[in-house]
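Novice: Supplied in structure tokens, the structure appears directly below.
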Amino acid sequence: MRTPVLLFVPLILACTSEDDTGQPPFAPSWDEEAAEVACAYGTDAALLDAALADAGLGFEEVGYDSDDWAKASYREWLDDAFLLSWFRDLHWTPLRWPCMGGQIAADLDHAAATPHPVATALGEAMAVLGTERLALPLDPATTTQDLADLSGLPEALAEALVPILAAMEEVARVRTEMEGTLEAQVEGASVEELVDYGHGGVILDYQDAPDLSSDAVQAWILDPSGPRALQDPARVLAFAVEEADLARFADLDATLDVTTPLGRVFVAGPGDDAPGDIGDVAFYLDLGGNDTYVHPAGASSAAVPVSVHVDLGGNDTYGYVESDEGGDGLLPADGDGRYGGDEYYGAFSLSRTGRQGSGRFGVGLLFDLGSGDDRYTSLRMSQGWGHLGVGVLYDDGGSDVYRGEAGVQGASSMGIGLLLDVAGNDVHETFTQSQGFGYVQAVGMAWDGQGDDVWYADPGNPEYGGHLVYYSPQMPTTGNSTFCQGAGFGRRGDADGAFLSGGVGVLRDASGDDAYTASTFAQGAGYWQGVGFLLDGRGSDTYDAYWYVQGGAAHYAAGVLLDDGDGDDAFNTRMAPVYVMIGTGHDYSDGVLVNEAGDDTYTYAGLGGGASNCQGVGIFVDNDGADTYDVQSTYSTGLGNHSGECDAFPRNAVDSIGLFLDSGGDADTWQWPGGGDHPIPADDTTFGHAQSGDTEEKGGGVDGDGETGVHAAGALPAAR
């Protein structure tokens, strides 16, 4: 998302002084943003025209308008204050989703290549969320700090830390103001409660704090002096850490341990350190070695509003003090234990401690530098988690392992959470609401640059090595509720009337032969006016999941999967797919899957392959390659469908639209089930289908050679 650079008085002033010419000296500035992706859709697109003709549609009819919206069942609850400003425009023109996804991929790839990758990526996340970016970076030449006595350090290192500590002081000042605003607007609210449970109950904990059905809470969340106020100071702090170039001090023999009003400021030498459970720390710098950490590294808390952890090298281990041995697929518990389980849920973690880049009602940043092979283990709200704040984990390389359970690995609720990993063959494991997950008023992003990576969200089914822990209404006995790998989630408040639009979840893996595994609502999935993007680059990848996945969305949302590389990809060849996948929209939702090239294999079941249901829009596009389609249900593949649950007046006058386009001219292989009245797909044919023949069921399908006009990214001709 592009927003202009705003040139007014910054929230954090960068001090300047004049030289002999009366001109201010050079001061740091934000890195340039990525160029705008020249992305258009639908121009000179013979295959798109053929699919539209097959469906009986005009180009301008693909999507929604105000008349369609007036017929929606939940129309009176769709314009809540948390609706992102750009969402409705894109939702109504779903052929444009690949343009936005391509831009986000370009923005994150570019951010990672700048001198200040975390600060730049935070700026992009703020733009997606719609937060104004007003602050300027601090100038190290003119900045001072009053937080800590650094006289015990070598002069160069002490000077390098000054802007970081000054930026931390500003974060703390802003959080103090947030507390005052909270106390003035929300009766009975406490910082301690919001730090422990401040994610609106999205991570299971039996605490719906803050109470998102409260008008006062909603007003505070949206107030400029509420949680958004932390985002610019967090960006300034990240810039200060990156501008300091602390890597030049690797292996320096220096130590420091001082107590400050924000907490301890700690510098450890280059040895193999294991400081133990030292509690909350405001600033921790390790100068090298293979280190082991069990304290909440880079995690804010009620007592510590801002925490920064920087490690300069080694194969490091980040964990926690374990209270048992775990088992049955679960990590060991911490001191908060695990739920005892019931007929719905398994023994999920009750941990209330964020770790490893966790910003809870504050800012938490972890930078691990030196390209070591690191291990990160936590339970909940960790590894780039932000709620009512900003949390970031940045790792600059090495083959790393990330293990967690819920709210980890680039996830957020009412804030920003980022996981950025530059390179290496990495393994990411979790259960739910992780790996690029955004809840209400949130952006959660996971980005990986290079390497053959594993993104694993435990699918639940023991047949595939899973463990049932998090109840799924779709698959109560065989699958977990996932919401991972690019998932945007909103609050559908049928019980209390608090309907709150979802946020944005992004998983971008730029290159490598990657493996994605999940259960439900994953791999580019959206729920209740949220949007999820899975944006994969180069490589031959595997995608496996069950239901509402791979460009699948439900209930006024959007799910987008873009694979912009030329690898030979495989979808659902290792697990049995179930429903609503591979470019399918259900209930006024957009589901989009675009795969640019490669000899790909697609296995899908009902409502898959450019299908729609209940006034949804589903779009599937494969732009090149000799592909194999193993279709397990005729209730799919360029399908327009109104099912009984939504075939009532007035909504039944709104189209359900399914479009399937395979291009490239190569011979594709079709395995098609028997039965049904769906035209059998084949090369050089059109085969869209209206399930019951209703005039509002618009299904179009085509397999042929020519331009689709819909691409994952790249320079395209102007839009029509």
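Novice: Anything in the stretch 89-127 that is under 25 Å from TRP69 (Cβ atoms) and crowded, with 24+ Cβ neighbours inside 10 Å? List them, or say none. Steps first, please.
Specialist: If we filter the stretch 89-127 for residues that are under 25 Å from TRP69 (Cβ atoms), which is where we start, we get 89-101.
Result: HIS91, PRO94, LEU95, TRP97, PRO98, GLY101.
Novice: Pairs only if they're at least six apart or on different chains, beta carbon under 6 angstrom, first in the stretch 212-233 and under 29 Å from LEU136 (Cβ atoms), second in a loop (DSSP other than H, G, I, E, B) and hydroxyl-bearing (Ser, Thr, Tyr); list them, first residue then second.
Specialist: The qualifying pairs are ARG228/THR131; GLN231/THR131.
Novice: Moving to a separate point now. Across the stretch 270-301, what is the total count of residues that are at positive phi and aliphatic (A, V, I, L, M)? Lay out the reasoning, then the answer.
Specialist: Restricting attention to the stretch 270-301, the residues satisfying the condition of being at positive phi are 276, 279, 288-289, 298.
Among the residues that remain, those that are also aliphatic (A, V, I, L, M) are: none.
Qualifying residue count for the region: 0.
Novice: Test LEU48 against the criterion of being outside any loop (DSSP other than H, G, I, E, B), among the hydrophobic types (A, V, I, L, M, F, W, C) and in contact with a helix residue (DSSP H, G or I) (Cβ under 6 Å, 6 or more places away or on another chain), and give yes or no. Step through it out loud before you land on a result.
Specialist: Values: outside any loop (DSSP other than H, G, I, E, B): yes; among the hydrophobic types (A, V, I, L, M, F, W, C): yes; in contact with a helix residue (DSSP H, G or I) (Cβ under 6 Å, 6 or more places away or on another chain): no.
It is false that LEU48 is outside any loop (DSSP other than H, G, I, E, B), among the hydrophobic types (A, V, I, L, M, F, W, C) and in contact with a helix residue (DSSP H, G or I) (Cβ under 6 Å, 6 or more places away or on another chain).
Novice: If I filter the stretch 503-523 down to residues being in a loop (DSSP other than H, G, I, E, B) and within 15 Å of TRP447 (Cβ to Cβ), which single residue comes out as farthest from the chain's Cα centre (by Cα)? Quick ask: steps written out before the conclusion?
Specialist: In the first step, residues of the stretch 503-523 are kept if they are in a loop (DSSP other than H, G, I, E, B); the result is 503, 512-514, 518-519, 523.
Remaining after also requiring within 15 Å of TRP447 (Cβ to Cβ): 512, 514.
On the way: GLY512: 19, ASP514: 17 Å.
The qualifying residue farthest from the chain's Cα centre (by Cα) is GLY512.
Novice: So which strands (runs of 3 or more DSSP E) are wholly in the stretch 629-716 and hold at least 2 residues that are surrounded by 22 or more Cβ atoms within 10 Å (Cβ to Cβ) and touching a helix residue (DSSP H, G or I) at 6+ places or on another chain (Cβ under 7 Å)?
Specialist: Here the list reads 656-662, 697-703.
Novice: Taking only the stretch 526-560 into account, find how many residues are farther than 29 Å from ALA498 by Cα and of a type in the set (A, V, I, L, M, F, W, C).
Specialist: 2
Novice: With VAL304, VAL281, VAL294, VAL308 as the choices, which residue is farther than 19 Å from LEU157 by Cβ and either touching a Phe, Trp or Tyr at 6+ places or on another chain (Cβ under 7 Å) or of a type in the set (D, E, K, R) (or both)? Full working, then the answer.
Specialist: Working: VAL304 fails: either touching a Phe, Trp or Tyr at 6+ places or on another chain (Cβ under 7 Å) or of a type in the set (D, E, K, R) (or both); VAL281 fails: farther than 19 Å from LEU157 by Cβ; VAL308 fails: farther than 19 Å from LEU157 by Cβ.
After applying the criteria, what remains is VAL294.
Novice: Specify the residue that is farthest from TYR284 (Cα to Cα); the eligible residues are those in the stretch 253-268 that are assigned to a loop (DSSP other than H, G, I, E, B) and within 35 Å of the chain's Cα centre (by Cα).
Specialist: Restricting to residues being assigned to a loop (DSSP other than H, G, I, E, B) and within 35 Å of the chain's Cα centre (by Cα), the top hit is PRO261.
Novice: Given (1) touching a Lys or Arg at 6+ places or on another chain (Cβ under 8 Å); (2) part of a strand (DSSP E or B); (3) closer than 16 Å to VAL440 by Cα, where does LEU535 come up short, assuming only one miss?
Specialist: Only one criterion in (1) touching a Lys or Arg at 6+ places or on another chain (Cβ under 8 Å); (2) part of a strand (DSSP E or B); (3) closer than 16 Å to VAL440 by Cα is unmet by LEU535, namely (3).
Novice: Quickly run through the stretch 195-252 and pick out the residues that are of a type in the set (S, T, N, Q) and in a helix (DSSP H, G or I).
Specialist: Start the filter on the stretch 195-252 by keeping residues that are of a type in the set (S, T, N, Q), which leaves 207, 213-214, 218, 225, 231.
Hits for the stretch 195-252 are GLN218, GLN231.
Novice: If you don't mind, another one. So, of the residues in the stretch 283-317 that are under 28 Å from the mean Cα position of the chain (by Cα), part of a loop (DSSP other than H, G, I, E, B) and polar (S, T, N, Q), which turns out to be surrounded by the fewest Cβ atoms within 10 Å (Cβ to Cβ)?
Specialist: Taking the candidates together, the pick is ASN315.
Novice: Turning to a different aspect of this structure: Please determine whether any residue of the stretch 642-657 is among the hydrophobic types (A, V, I, L, M, F, W, C), modelled with pLDDT of 95 or more and closer than 17 Å to ALA53 by Cα.
Specialist: Checking the stretch 642-657: at least one residue is among the hydrophobic types (A, V, I, L, M, F, W, C), modelled with pLDDT of 95 or more and closer than 17 Å to ALA53 by Cα.
Novice: Counting only residues that are closer than 30 Å to LEU262 by Cα and in a strand (DSSP E or B), how many does the stretch 331-371 have?
Specialist: 10
Novice: Here's another thing I want to ask about it. Got a sec? Which strands (runs of 3 or more DSSP E) wholly within the stretch 374-470 have at least 1 residues that are surrounded by fewer than 24 Cβ atoms within 10 Å (Cβ to Cβ) and modelled with pLDDT of 95 or more?
Specialist: Where strands (runs of 3 or more DSSP E) fall fully within the stretch 374-470 and carry at least 1 residues being surrounded by fewer than 24 Cβ atoms within 10 Å (Cβ to Cβ) and modelled with pLDDT of 95 or more, they are 375-377, 401-403, 427-430, 454-457.
Novice: Out of all the residues in the stretch 67-75, is one or more closer than 30 Å to SER300 by Cα, surrounded by fewer than 17 Cβ atoms within 10 Å (Cβ to Cβ) and at pLDDT 95 or above? It would help to see each step written out before you state the result.
Specialist: In the first step, residues of the stretch 67-75 are kept if they are closer than 30 Å to SER300 by Cα; the result is none.
Scanning the stretch 67-75, I find no residue that is closer than 30 Å to SER300 by Cα, surrounded by fewer than 17 Cβ atoms within 10 Å (Cβ to Cβ) and at pLDDT 95 or above, so the answer is no.
Novice: Within the stretch 318-329, identify whether any single residue is in a loop (DSSP other than H, G, I, E, B), among the aliphatic types (A, V, I, L, M) and either under 25 Å from ASP458 (Cβ atoms) or in contact with a Gly (Cβ under 9 Å, 6 or more places away or on another chain) (or both), and answer yes or no. Steps first, answer last, please.
Specialist: Filtering the stretch 318-329 for residues in a loop (DSSP other than H, G, I, E, B) gives 319-326, 328-329.
Next, only the ones that are among the aliphatic types (A, V, I, L, M) stay: 321.
Narrowing further to those that are either under 25 Å from ASP458 (Cβ atoms) or in contact with a Gly (Cβ under 9 Å, 6 or more places away or on another chain) (or both): 321.
So far as the stretch 318-329 goes, yes, one or more of its residues are in a loop (DSSP other than H, G, I, E, B), among the aliphatic types (A, V, I, L, M) and either under 25 Å from ASP458 (Cβ atoms) or in contact with a Gly (Cβ under 9 Å, 6 or more places away or on another chain) (or both).
Novice: Take the residues in the stretch 484-537 that are over 30 Å from SER213 (Cβ atoms) and polar (S, T, N, Q); name whichever of them is surrounded by the fewest Cβ atoms within 10 Å (Cβ to Cβ).
Specialist: Selected residue: SER511.
Novice: Look at the stretch 151-194 and say how many of its residues are assigned to a loop (DSSP other than H, G, I, E, B) and within 22 Å of GLY354 (Cα to Cα). Don't jump to the end; show me each part of the working.
Specialist: Pass one, the stretch 151-194, residues assigned to a loop (DSSP other than H, G, I, E, B): 151-154, 186-190.
Within this subset, residues satisfying the condition of being within 22 Å of GLY354 (Cα to Cα) are 189-190.
Matching residues across the stretch 151-194 total 2.
Novice: Kindly evaluate LEU83 against the criterion of being more than 24 Å from ASP421 (Cβ to Cβ) and over 20 Å from the mean Cα position of the chain (by Cα).
Specialist: Working: more than 24 Å from ASP421 (Cβ to Cβ): yes; over 20 Å from the mean Cα position of the chain (by Cα): no.
It is false that LEU83 is more than 24 Å from ASP421 (Cβ to Cβ) and over 20 Å from the mean Cα position of the chain (by Cα).
Novice: Something else: How many residues, within the stretch 251-288, are of a type outside the set (A, V, I, L, M, F, W, C) and within 18 Å of ASP146 (Cβ to Cβ)? Steps first, please.
Specialist: Residues of the stretch 251-288 of a type outside the set (A, V, I, L, M, F, W, C): 251, 253, 255, 257, 259-261, 263-264, 269-273, 275-277, 279-280, 284, 286, 288.
Applying the additional criterion that residues be within 18 Å of ASP146 (Cβ to Cβ) yields 259-261, 263-264.
Residues in the stretch 251-288 being of a type outside the set (A, V, I, L, M, F, W, C) and within 18 Å of ASP146 (Cβ to Cβ): 5 in total.
Novice: Do we find that ASP54 is in contact with a strand residue (DSSP E or B) (Cβ under 8 Å, 6 or more places away or on another chain) and either among the basic types (Lys, Arg) or assigned to a loop (DSSP other than H, G, I, E, B) (or both) in this structure? Break it down stepwise before answering.
Specialist: Numbers: in contact with a strand residue (DSSP E or B) (Cβ under 8 Å, 6 or more places away or on another chain): yes; either among the basic types (Lys, Arg) or assigned to a loop (DSSP other than H, G, I, E, B) (or both): no.
Considered against the rule, which asks whether it is in contact with a strand residue (DSSP E or B) (Cβ under 8 Å, 6 or more places away or on another chain) and either among the basic types (Lys, Arg) or assigned to a loop (DSSP other than H, G, I, E, B) (or both), ASP54 comes out as no.
Novice: Please tell me if GLY606 is surrounded by fewer than 24 Cβ atoms within 10 Å (Cβ to Cβ), out of contact with any Pro (no Cβ under 6 Å at 6 or more places or on another chain), touching a residue at least 12 places away in the same chain (Cβ under 8 Å) and closer than 29 Å to TYR74 by Cα.
Specialist: On the way: surrounded by fewer than 24 Cβ atoms within 10 Å (Cβ to Cβ): yes; out of contact with any Pro (no Cβ under 6 Å at 6 or more places or on another chain): yes; touching a residue at least 12 places away in the same chain (Cβ under 8 Å): yes; closer than 29 Å to TYR74 by Cα: yes.
Here the answer is yes, as GLY606 does meet what is asked.
Novice: Within the stretch 93-103, does at least one residue satisfy the condition of being more than 20 Å from the chain's Cα centre (by Cα) and at pLDDT 90 or above? Steps first, answer last, please.
Specialist: So the first thing to find is which residues in the stretch 93-103 are more than 20 Å from the chain's Cα centre (by Cα), and the list is 93, 95.
When the remaining residues are screened for being at pLDDT 90 or above, the result is 93, 95.
Within the stretch 93-103 (the criterion being more than 20 Å from the chain's Cα centre (by Cα) and at pLDDT 90 or above), the answer is yes, since at least one residue qualifies.
Novice: Also, I was wondering about something else. Of the conditions (1) at pLDDT 95 or above; (2) touching a helix residue (DSSP H, G or I) at 6+ places or on another chain (Cβ under 6 Å), LEU57 clears all except one; give me its number.
Specialist: Going through the list (1) at pLDDT 95 or above; (2) touching a helix residue (DSSP H, G or I) at 6+ places or on another chain (Cβ under 6 Å), LEU57 breaks only (2).
Novice: Can you tell me which of (1) surrounded by fewer than 24 Cβ atoms within 10 Å (Cβ to Cβ); (2) touching a strand residue (DSSP E or B) at 6+ places or on another chain (Cβ under 8 Å); (3) among the charged types (D, E, K, R); (4) within 20 Å of SER378 (Cα to Cα) is the one ASP257 doesn't meet?
Specialist: All conditions pass for ASP257, except number (4).
Novice: Do you know which residues across the stretch 491-510 are in contact with a Leu (Cβ under 6 Å, 6 or more places away or on another chain) and more than 11 Å from LEU83 (Cα to Cα)?
Specialist: Correct list: ARG491, ALA498, LEU507, ARG508.
The values are calculated or read from the model by the stated rules, or taken from the named source; none is laboratory data. On a predicted model such as this, the values are computed, not experimentally measured, just so you know. Counting neighbours? That spans all protein chains shown, and the Cβs are built from the backbone with ideal geometry, glycine included.
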